[in-house]
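Right, one structure below, let's go through it.
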Amino acid sequence: MSTLVRRRTDWTGITFAVVLTLVIVLPLLVVGTWAFTNVWRYPSLIPQEFGLRFWNQTLARADVWSSISMSLTLAVTVTVLSAVICLPAAYAFARMEFPGRSILFFSFLAGHAFPKFGLLVAIAGIFLQLNLIGTFWGVVLIQLVGTLLFMIWIPVAAFQAVDRRMEEAARDVGATPMRVFWSITLPQAGPTIAAAILLSFVGTFYETEGAWLIGAPQVRTLPVLMISFINNQPVIQYGAVLSVLLWVPSFIALMFARKVVNSGSFARGFGG
Amino acid sequence: MSVLNIKDVSKIFPGGTRAVDTFSLDVADGELVCLLGPSGSGKSTLLRMVGGFETPTSGQMTIDGDDITHVPPERRPTGMVFQSHALWTHMNVFKNLAFGLKLRKVAPAEIKRRVEAVLELVGLGGYGTRAVTQLSGGQQQRVALARSLVLEPKILLLDEPFASLDQHLRERLREEVRDIQQRLKITTLFVTHGQDEALSMADRIVVMRDGKTEQIDRPDIVYREPRTPFVAGFIGTMNLIEGTVANGVFSKAGYSTPVPVADGPATQAIRPEALELTLATDNAQGKVHRVTDFGTHGLVDLELLDSTRIKAMVSHPGLFQPGQGVALAPKAIAAYRDDILIHRGALTPEIAARRETIDA
């Protein structure tokens with residue numbers, strides 16, 4: 001029977017798919033191609049010469065390697081600190097009543113509601129007086145601000161979605177409140193929280209303005225290095241190679257996400 | 001072997017709502033007591049206080065003489081089954097049941113033995129490795145029951161456990177739970193708003209209204225001898241007729257029957273099965289509105305002369321047609337005034353004789 005049912009052609013869907021492909025995939029394809037190109041001159045549609053010349057040149061540079069390890073260290077430090085600070089706070093927001101709760105809750109939105117660069121410049125002024133400019137911990141602090149929204153709002157939704165009766169049932173069979181949190185609440189909220197942590201890691205890894213304004217020139221992350229490459233050298237391939245390098249962590253993160261997080265709970269984190 | 005005593009317990013919520021009002025109840029060893037009432041009557045709040053999820057504003061609760069009023073839920077010898085079953089979806093059936101035993105540091109082999117035994121008891125033998133979400137609603141509720149039973153609680157608390165199930169399943173589970181409860185002789189407190197559930201399962205029923213007790217009695221007594229009009233109306237179908245008594249005769253719009261009480265307003269309560277109908281042309285006290293045939297019996301909806309609706313059960317529904325006049329002959333009545341029972345009785349021959357003179 002089902003073979004007789006003809007699905008109508010969904011033209012809206014196809015249009016969306018085509019437009020999205022053009023907008024997202026095509027630029028990626030161009031950048032990817034540039035990274036493996038030795039010679040590509042106008043008006044040829046495909047490069048005249050493919051090769052790994054610029055990979056060798058890029059990877060031979062010490063500043064590239066130091067910026068990669070700087071970026072990774074920063075992203076890990078910021079994510080861990082953010083989790084330690086934000087998860088208990090998110091639990092409090094989700095489950096407790098205290099004065100100023102909603103004002104505090106919405107204040108996390110404030111950091112994203114105004115032009116970010118203005119805020120960064122103001123913070124840079126303060127950091128200058130505190131001697132935090134150009135230091136690792138200065139960049140950590142500025143990037144922590146950026147993760148707050150994700151790391152509070154998504155886990156709050158996750159904790160709120162945990163059935164109170166499940167927690168009560170655990171108390172009923174003899175679990176202390178701490179044990180209930182570890183054995184019931186956290187595993188129930190786990191996949192969604194993993195999504196938040198992932199987002200905050202990837203977001204920190206790619207964060208550029210804050211790292212540049214606070215960290216430069218001593219602290220150089222991979223995106224900051226890429227900007228200086230693009231600004232200082234009219235060779236497209238350097239930027240392209242670094243772009244491809246920058247995809248690696250997000251690609252790994254996404255693969256990890258597909259394994260750990262099923263799509264349903266990932267969506268739940270965004271209120272889906 | 002456990003006894004639950006609740007003494008003068010009140011619960012006032014921060015908003016000022018008095019959910020439970022100086023409530024007292026003693027549940028005997030092995031007894032199943034149903035808390036029955038409409039939503040908002042405080043029955044669930046009371047159960048949650050016994051389970052330790054709410055703290056009483058005042059009063060005392062003891063189990064086997066030990067004061068548990070302020071003991072946290074994890075240290076109470078109670079086991080609760082929730083309406084939404086509240087199974088932990090990230091654990092399979094076995095782990096759900098084993099969690100409490102693990103917390104009690106029971107040896108793994110012993111855990112395995114006890115979990116399998118209790119799964120057998122609720123009819124889910126071999127379901128240990130199933131994911132909770134793969135089970136049907138009835139199976140999930142059985143696992144929830146098993147999760148409480150495996151810890152051998154002194155008091156079993158059931159909070160409308162069948163409310164989310166369909167009618168057939170509810171009736172079957174009701175019998176199973178009653179069987180298990182009697183086999184284990186476990187003292188049980190059961191909250192429900194379904195009167196049939198209460199009537200079919202309970203040793204005693206507590207009818208609650210606005211946080212207070214209206215009546216505590218055996219199911220048959222609650223049904224036959226309700227002490228207030230609220231209980232009369234809440235359990236089963238009951239005709240409640242508001243009228244006046246004068247000279248020992250209750251009357252309402254052409255319908256009258258002797259009731260030996262002082263003059264004044266009164267509410268008369270008659271079960272549909274205690275109201276006999278006869279076809280009448282001249283002395284009609286009411287008019288047939290609708291006849292419903294249930295196969296085993298029929299139900300006649302009728303209107304008194306002032307359009308008050310009442311119901312009567314008849315054995316031959318075919319005899320009655322809408323629009324026909326009928327005379328009413330109550331066989332057992334109760335009368336209430338100011339929410340208090342003032343008279344109850346089957347009509348004795350002597351009173352029946354008096355009625356004939358009234359009817360004439």
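The values are calculated or read from the model by the stated rules, or taken from the named source; none is laboratory data. Please read these numbers as outputs of a predicted model, since none were measured by experiment. Glycine also receives a Cβ, built like all others from the backbone with ideal geometry; neighbour counts cover every protein chain displayed.
Right, B:ARG130: in the same structural domain as B:ARG174 (by TED's automatic domain parsing), of a type in the set (Lys, Arg) and under 22 Å from A:GLY174 (Cα atoms) or not? So B:ARG130 fails the test.
On the stretch given as region B:230-257, residues that are over 11 Å from B:ALA335 (Cβ atoms), touching a Leu at 6+ places or on another chain (Cβ under 9 Å) and touching a residue at least 40 places away in the same chain (Cβ under 8 Å) total 9.
How many residues does region B:119-140 hold that are within 13 Å of chain A (Cβ to nearest Cβ) and surrounded by 13 or more Cβ atoms within 10 Å (Cβ to Cβ)? Summing the residues that are within 13 Å of chain A (Cβ to nearest Cβ) and surrounded by 13 or more Cβ atoms within 10 Å (Cβ to Cβ) in region B:119-140 gives 2. When region A:124-133 is filtered for residues that are farther than 11 Å from A:GLU209 by Cβ and either among the β-branched types (Val, Ile, Thr) or in contact with a Leu (Cβ under 6 Å, 6 or more places away or on another chain) (or both), the ones remaining, listed by number, are A:ILE126, A:ILE133. Residues in region B:100-112 that are within 11 Å of another protein chain (Cβ to nearest Cβ) and either assigned to a helix (DSSP H, G or I) or under 28 Å from B:THR45 (Cβ atoms) (or both): B:GLY100, B:LEU101, B:LYS102, B:LEU103. Scanning region B:185-212 for residues that are touching a helix residue (DSSP H, G or I) at 6+ places or on another chain (Cβ under 7 Å) and under 23 Å from A:GLU168 (Cβ atoms) yields B:THR188, B:LEU189, B:PHE190, B:VAL191, B:THR192, B:GLU197, B:MET208.
I'm trying to understand the selection: among the residues of region B:245-286, which are among the small types (Gly, Ala, Ser), surrounded by 21 or more Cβ atoms within 10 Å (Cβ to Cβ) and under 24 Å from B:GLY298 (Cβ atoms)? Residues satisfying the conditions are B:ALA269, B:GLY286. Where helices (runs of 4 or more DSSP H) sit wholly within region A:102-183, those with at least 2 residues that are within 30 Å of B:GLY100 (Cβ to Cβ) and out of contact with any Gly (no Cβ under 9 Å at 6 or more places or on another chain) occupy A:136-161, A:164-172, A:177-180. Among the residues of region A:140-193, the ones that are farther than 18 Å from A:ALA90 by Cβ and more than 10 Å from chain B (Cβ to nearest Cβ) come to 4 in all. Residues that are touching a His at 6+ places or on another chain (Cβ under 7 Å) and under 30 Å from B:ASP67 (Cβ atoms) within region B:107-158 comprise just one, B:ALA144.
Of A:PHE54, A:PHE117, A:PHE50, all but one fail to be surrounded by 13 or more Cβ atoms within 10 Å (Cβ to Cβ), of a type in the set (Phe, Trp, Tyr) and in contact (Cβ under 8 Å) with a residue 24 or more places away in the chain; the exception is A:PHE54.
Let's see how each residue does on (1) out of contact with any helix residue (DSSP H, G or I) (no Cβ under 6 Å at 6 or more places or on another chain); (2) within 14 Å of another protein chain (Cβ to nearest Cβ); (3) at pLDDT below 90:
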position: B:VAL27; (1), (2), (3): yes, no, no
position: B:LEU32; (1), (2), (3): no, no, no
position: B:GLY42; (1), (2), (3): yes, no, yes
position: B:ARG48; (1), (2), (3): yes, yes, no
position: B:SER58; (1), (2), (3): yes, no, no
position: B:THR62; (1), (2), (3): yes, no, no
position: B:VAL71; (1), (2), (3): yes, yes, no
position: B:MET80; (1), (2), (3): no, yes, no
position: B:HIS85; (1), (2), (3): no, yes, yes
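Number of residues in region B:235-244 that are surrounded by fewer than 18 Cβ atoms within 10 Å (Cβ to Cβ), in contact with a Phe, Trp or Tyr (Cβ under 8 Å, 6 or more places away or on another chain) and not in a loop (DSSP other than H, G, I, E, B): the value is 1. Of all the listed residues (A:VAL76, A:VAL64), the sole one being under 22 Å from A:LEU242 (Cα atoms) and touching a helix residue (DSSP H, G or I) at 6+ places or on another chain (Cβ under 7 Å) is A:VAL64. Only one of the numbered conditions (1) modelled with pLDDT under 80; (2) part of a loop (DSSP other than H, G, I, E, B); (3) surrounded by 14 or more Cβ atoms within 10 Å (Cβ to Cβ) is not met by A:TYR238, and that is (2). Which members of region B:275-306 meet the condition of being assigned to a strand (DSSP E or B), hydroxyl-bearing (Ser, Thr, Tyr) and over 19 Å from B:PRO330 (Cα atoms)? The one that is assigned to a strand (DSSP E or B), hydroxyl-bearing (Ser, Thr, Tyr) and over 19 Å from B:PRO330 (Cα atoms): B:THR292.
Considering region B:146-178, and only residues there that are more than 19 Å from B:CYS34 (Cα to Cα) and of a type in the set (A, V, I, L, M), the residue that is nearest to the other protein chains (Cβ to nearest Cβ) turns out to be B:LEU151. Taking A:ILE24 as the residue in question, decide whether it is under 18 Å from the mean Cα position of the chain (by Cα) and surrounded by 13 or more Cβ atoms within 10 Å (Cβ to Cβ). For A:ILE24, the condition - under 18 Å from the mean Cα position of the chain (by Cα) and surrounded by 13 or more Cβ atoms within 10 Å (Cβ to Cβ) - is not met. When A:ALA124, A:ALA90 are checked against the criterion of being surrounded by 11 or more Cβ atoms within 10 Å (Cβ to Cβ) and in contact with a Phe, Trp or Tyr (Cβ under 9 Å, 6 or more places away or on another chain), A:ALA90 stands alone in meeting it.
In this structure, is B:LEU97 away from chain A (no Cβ under 14 Å), under 20 Å from B:LEU158 (Cβ atoms) and touching a residue at least 24 places away in the same chain (Cβ under 8 Å)? In short, no.
Might you check whether a residue that is over 23 Å from A:SER228 (Cβ atoms) and not aliphatic (A, V, I, L, M) occurs anywhere in region A:51-62? Within region A:51-62, one or more residues are over 23 Å from A:SER228 (Cβ atoms) and not aliphatic (A, V, I, L, M).
Per-residue answers, yes or no, for (1) modelled with pLDDT under 90; (2) closer than 24 Å to B:LYS11 by Cα; (3) of a type in the set (Phe, Trp, Tyr); (4) more than 13 Å from the chain's Cα centre (by Cα):
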position	(1), (2), (3), (4)
B:ILE155	no, yes, no, yes
B:GLN167	yes, no, no, yes
B:ARG170	yes, no, no, yes
B:GLU175	yes, no, no, yes
B:THR188	no, yes, no, yes
B:VAL191	no, yes, no, no
B:ARG224	yes, no, no, yes
B:GLY243	yes, no, no, yes
